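Peer 1: Quick one: the structure is below, and I'll ask about it shortly.
What follows is calculated from the coordinates using simple rules that are stated; it is not laboratory data. Keep in mind that this is a model prediction, so the values were computed, not measured. Cβ: placed from backbone, ideal geometry, glycine included. Neighbour counts: every protein chain shown.
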Amino acid sequence: MKYGYYPGCSMEKNARSYHTSTMAVAKPLGIEFIEVDDWNCCGATEYIAINKIPAYALVSRNLALAADQNDSENLVAPCSACFLNLKKVDHYLQENTELKEKVDIALDAGGLSYEPGTINVQHLLETLSVDIGLDAIKAQVKKPLYNLRVAPYYGCLVPRPATMGSFDDPEHPTSMDKILEVLGATVIDYPLKAQCCGGHMTQISENTALELIRRLLKNAQDSEADMIATLCPMCQLNLDAYQDAVNAHFGTKFKIPIVYFTQLMGLAFDLPENELGFGKEIVSAKPALAKITEQAPKPKRTRERGKKNVGLPMPIMAEEG
Amino acid sequence: MTDTLTSRPPTLIDKIIAETPGKASNLYACLQCGTCSGSCPSGPDMDHSPRTIFAMIDSGLEDQVLMSNTPWYCVSCYYCMVRCPQEIPITDIMYTLKRMAIEAGYFREVDQDKAPEFSETFMDLVENNGRSFELGVVMRHHLRYHPLSAVKLATGMGLKMITKGRMDFTPTKIKNLPQLKAILKKAKELGGAA
């Protein structure tokens, strides 16, 4: 299946392992990602804070290029912020005619045009969990990730805002949980899975960000997670590169590797290691990955096992006679 | 809308709604229930909680609203937005408040207000290259405004990122930069700051 692909700036260097592992898992799943030629930055959460019309025009250029170049109406973004910006701009341009008129004039100055609604913007997780589906993913699993305890972390911008429709629950998403389960990993209950990593706050108010990062790490550690799987370059950067700063600030000893869910997919698919980008993370994933066994974990002992099922205590009637 | 609403001169709440895309007019129907404040991960650092800000907007306290650090502490997590019973696009309103505060020249020159500078550094990079790279933005931001923390950054986390091959020093330039510049120039004429 053909998909337009918008990598976003992070994927070029910082989140290179996300990009290469995405490309690697796409092949066996029969996905062909066609990169939008000459795409520009989406503006992240910064541009919109300064200039409204330019911020919308900036994103619209990408939508226009994607609509022009691709024979696929689907545009996949693996980065949460890119995904949200592309989807939100497309949505608001359909809703707000005054905004659309202004953006149209701006695009025209560059010889471009875009009809809102032409492009269907998807996050990579949606593509994999909804379009491709769990069965197709399961069929590719050659080396299951048995006994690897993974905390699925979604962050904010993929499940939310739900006002323009969402493929998953905005507060308790489960699509990545299901993918990781199919890979054979032990998915832990992670109540903070959709909480914020602090985004750009590490640069603006470090203490605010460090507390948000600490909560996420603590929650994963409490459930004895071996690692956290993420789907966003910003979340990965904050949780991984600022883990030392969190430890220094709070006197904690967190050492939780943060990897992209596509890296784990590639590992379970038994794809060449050099395409998966392990080793780029600052907190090494090696010790955690060494825990993977060939044997599936024994099913958990349930409370009832070894006990007679006596049911609810009921009054015993005196025997007659 | 009744006649009184349309015939009176626009108040602060009208201006904010006009500048915000989406169903911003729902702000007129804010219940003051405080779900937004209760959902906010950075609420404790704000000088007014989101609920308070909406009450202040309704009361027309323009200076206090635009001087508040509240929008600058918004992390854009959209929790308030999915939980708001009146479906107010709160995150988008926070962006509007940021733009209005910049336009009005409000934001105090203290440590906690690095936010506008950070956004501006980011924009410069995008406008001149077409692409950004978060680590480059971070370094430039610190070198320009906070040289001491740039040194701390370069020797600590930055160094690790360089050795892991995750840090660029120059951003990639897009091919058709003149096209992007023409679009942005026109866009700025149409709806400049705010």
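Peer 1: Under the rule of at least 5 residues apart or a separate chain, name every residue whose amide H is placed under 5 Å from the amide H of residue A:146.
Peer 2: Residues meeting the amide H criterion: A:293.
Peer 1: Among all the lysines, which ones have a C-alpha under 18 Å from residue A:13's C-alpha, if same-chain residues fewer than 8 places away are not counted?
Peer 2: Residue A:13 reaches A:280, B:160, B:164, B:173.
Peer 1: Quick check on the protein assembly as shown: take the gyration tensor over C-alpha atoms, sort the square-rooted eigenvalues as a ≥ b ≥ c, and tell me if it's rounded (a/c under 1.5), prolate or oblate.
Peer 2: prolate
Peer 1: Between residue A:273 and residue A:293, what is the FRET efficiency for a Förster distance of 22 Å, r being their Cβ-Cβ separation, to the nearest 0.05?
Peer 2: Efficiency computed from Cβ-Cβ geometry: 0.75.
Peer 1: Over chain A, what is the relative contact order in percent, taking alpha-carbon pairs closer than 8 angstrom and at least six residues apart?
Peer 2: Answer for chain A is 19 percent.
Peer 1: Over the whole of A:278-289, what's the average partner chain Cβ count within 10 Å per residue? Rounded to a whole number, please.
Peer 2: Neighbouring Cβ atoms belonging to other protein chains average 1 per residue here.
Peer 1: Taking the Cβ of residue A:2 as the centre, find all other residues whose Cβ is under 11 Å away and add up their charges (Lys, Arg: +1; Asp, Glu: -1).
Peer 2: Taking every other residue near residue A:2 into account, the sum is -3.
Peer 1: May I ask which of A:2/A:87; A:138/A:298; A:218/A:291; A:218/A:286; A:100/B:175; A:27/A:178 have a Cα-Cα span longer than 23 Å here?
Peer 2: Too far apart for the 23 Å limit: A:100/B:175.
Peer 1: Return one number: the angle in degrees, 0 to 90 and rounded to the nearest 10, between the long axis of the Cα atoms of helix A:97-109 and the longest principal axis of the Cα atoms of chain A.
Peer 2: The angle comes out at about 60 degrees.
Peer 1: Would you mind giving the mean number of other chain beta-carbons within 10 Å of the Cβ of each residue in A:3-14, as a whole number?
Peer 2: Mean partner-chain Cβ count within 10 Å for A:3-14: 4.
Peer 1: Hey, can you rank B:28-36, A:141-149 by average C-beta count inside 10 Å, highest first?
Peer 2: A:141-149, B:28-36
Peer 1: Tally Lys/Arg at +1 and Asp/Glu at -1 over every other residue whose Cβ is under 13 Å from the Cβ of residue A:220; what's the total?
Peer 2: +1
Peer 1: Name the most mobile residue of A:275, A:46, A:73, meaning the one with the largest mean-square fluctuation, in a Gaussian network model of chain A with Cα contacts below 10 Å.
Peer 2: A:46
Peer 1: Relative contact order of segment A:2-124: what whole-number percent is it, with Cα pairs under 8 angstrom and at least 6 residues apart?
Peer 2: For segment A:2-124, the relative contact order is 30 percent.
Peer 1: Please report, ordered by residue number, every helix of chain B (full DSSP H runs) that is 30 Å or longer along its axis going by C-alpha atoms and whose mean Kyte-Doolittle hydropathy reaches 0.5.
Peer 2: none
Peer 1: Using only the Cα atoms of segment A:134-289, build the gyration tensor, take square roots of its eigenvalues as a ≥ b ≥ c, and label the shape rounded, prolate or oblate: rounded if a/c is under 1.5, else prolate if a/b is larger than b/c, else oblate.
Peer 2: Here segment A:134-289 falls in the oblate category.
Peer 1: To the nearest 20 Debye, how big is the dipole of the protein assembly as shown about its Cα centre, given +1 on the beta carbon of each Lys and Arg and -1 on that of each Asp and Glu?
Peer 2: That gives the protein assembly as shown a dipole magnitude of about 1620 debye.
Peer 1: Return a whole-number percent for the relative contact order of segment A:139-200, with Cα pairs under 8 Å and 6 or more residues apart as the contact set.
Peer 2: For segment A:139-200, the relative contact order is 47 percent.
Peer 1: Moving on. Need one number: % antiparallel among DSSP beta bridges in the protein assembly as shown, to the nearest 5.
Peer 2: 10 percent
Peer 1: Once you order the gyration tensor axes a ≥ b ≥ c over the Cα atoms, which shape class does segment B:114-191 get: rounded for a/c under 1.5, otherwise prolate or oblate by comparing a/b with b/c?
Peer 2: It is oblate, given that a/c is not under 1.5 and a/b is not larger than b/c.
Peer 1: Taking chain A as the reference, fit the longest principal axis to its C-alpha atoms, fit the long axis of helix A:16-26 to the helix C-alpha atoms, and give the angle between the two in degrees, 0 to 90, nearest 10.
Peer 2: 80 degrees
Peer 1: Rounded to the nearest 10 degrees, what's the angle between the helix A:206-222 long axis and the longest principal axis of chain A, both from Cα atoms, 0 to 90?
Peer 2: That works out to roughly 30 degrees.
Peer 1: Would you tell me the mean number of C-beta atoms belonging to other protein chains that fall within 10 Å of each C-beta in A:94-107, as a whole number?
Peer 2: Per-residue shielding by partner chains comes out at 3.
Peer 1: In chain B, which Cys residues have no partner Cys with a Cβ closer than 4.7 Å?
Peer 2: Lone cysteines by the Cβ rule: B:30, B:33, B:40, B:74, B:84.
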